[in-house]
1. For a test of the definition: using alpha carbon positions, the gyration tensor, and the 1.5 limit on a/c, classify the range A:1-156 as rounded, prolate or oblate.
2. Threshold 50 Å², probe 1.4 Å: give the residues of the range B:126-156, in number order, that are less accessible with all protein chains present than with their chain alone.
3. With bins 10 Å wide starting at 0, give me the P(r) of the protein assembly as shown over every alpha carbon pair, in whole percents.
4. From the label point of B:Glu93, set 7 Å along Cα to the beta carbon, how far off in nm is each other copy's matching point, shortest first?
5. List, in order, the whole-Hz ³J(HN,Hα) value for each residue of the range B:76-84 obtained from phi through the Karplus relation with A = 6.51, B = -1.76, C = 1.60 and θ = phi - 60°; use x for Gly and Pro.
6. What nm distance separates the two modelled labels at A:Ser2 and A:Asp145, each placed 7 Å from Cα along Cα→Cβ?
7. Take B:Asp94 and B:His81, extend 7 Å from each Cα along the Cα→Cβ direction, and tell me the distance between the two endpoints in nm.
8. Scan chain B for the residue whose Cβ is closest to the axis carrying it onto chain A, then write down that distance in whole angstrom.
Number of protein chains: 2
Amino acid sequence: MSVEQPFGHAGTRLHEWMFDTAMGHRMFGREGGSTGVDNDLAEESWEGIGCEIMGRGKFHTASGPIPPDWEGYWGPNPPFHTPVVVLTRHPREDLAMEGGTTFHFRDADPAEALAEARRLAGDLDVRLGGGVRTLRTFLDADLVDHLHVVVVPVVLGRGERLWDGLEGLEERLDVRMVAGDSGVTHVIGTRPSA
Amino acid sequence: MSVEQPFGHAGTRLHEWMFDTAMGHRMFGREGGSTGVDNDLAEESWEGIGCEIMGRGKFHTASGPIPPDWEGYWGPNPPFHTPVVVLTRHPREDLAMEGGTTFHFRDADPAEALAEARRLAGDLDVRLGGGVRTLRTFLDADLVDHLHVVVVPVVLGRGERLWDGLEGLEERLDVRMVAGDSGVTHVIGTRPSA
């Protein structure tokens, strides 16, 4: 994984299912796209979100300070349209983009980051957008009420392992698996009390 | 994992989906059971099989010579009803059971074991019944034409990793994922030419 290849040798293979949906088409200014289960779940993952939390690697796939002119992978008008908390040991000034997205760079633990994201989200939900280590940290801290993981049937052979250290996760979240219409499987976890 | 607990801390959790099917009920002399996707695929996995290959750990979950009086985990009338090739570094005499099952203990590599199993199976198919290391060895040697893996939504946290070393497996097998009716997902791989 590198700045130029943020998904490493996986390339775009983990996201093709999403690009093919109506939501994916709309996101890139195209017409059409699929309207089945994959699209329903993709749409749902963007509904009612008032703030996203992401790891630094999702914003800039490297370590050390983020270059001052780096504005993320999404062009001048990112698809978030809300505040985004970027977790990094090297905070820098907030970055306001077109379309309502503002990146807030914070050196915070999961609970602190969630508290700030909740404040920024107002009455809406906070989405945890990845990457894998960030998800695992929040799952380990039991701060996730709803989980949506898409399993793509390829064997990458190496990479970050989402479930490491999370033995018994299914005792905290009710888990169901839903077949997509493009060959992927959606793993949906919901906290029983949520 | 041990002789007493062949699935270790997983216990029966990986097999409950199968016990609940009509096939699972029949196997244990019970009436009823589910008749949906899970049962269809469970039934299919036993159809037209003339010989099973299994790793020694499936027959006796330990290392070293198998105790002379050990007859496997399935009682006097095992559910195979065919020859079974048990791969072990410590061969012993064939063991004929009630109902047509005969265990053949062989110190053989995957290609040799498959050749013998094919001979024993006659016109029928050979099933590779596990465990994980045995499956991985045969997948690595590209000797598998049809794959059926059931994914149960629990995080075990430790154990054998089926896919290790199998990067790009989906380029050799067409892979699809099928939702079961009990919360599991069936991963089905088929060799394009098969």
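The values are calculated or read from the model by the stated rules, or taken from the named source; none is laboratory data. Everything numeric in this text was worked out from a predicted model, so none of it was measured. Positions of Cβ are backbone-derived with ideal geometry, glycine not excepted, and every protein chain shown enters the neighbour counts. Ligands, DNA and RNA are stripped out before the accessible areas are found, and what is left, the full protein with its side chains, is counted by its heavy atoms. Shrake-Rupley method; radii C 1.70, N 1.55, O 1.52, S 1.80 Å.
1. On the way: a/c = 1.36, a/b = 1.28, b/c = 1.07.
Because its axes are fairly even, with a/c under 1.5, the range A:1-156 counts as rounded.
2. B:Pro153, B:Val155
3. 4, 18, 28, 22, 14, 9, 4, 0
4. Shortest to longest, the spacings are 8.7 nm.
5. x, 10, x, x, 7, 6, 8, x, 10
6. Inter-label distance under the simple model: 4.2 nm.
7. It works out to 2.0 nm between the two label points.
8. B:Ala179, 2
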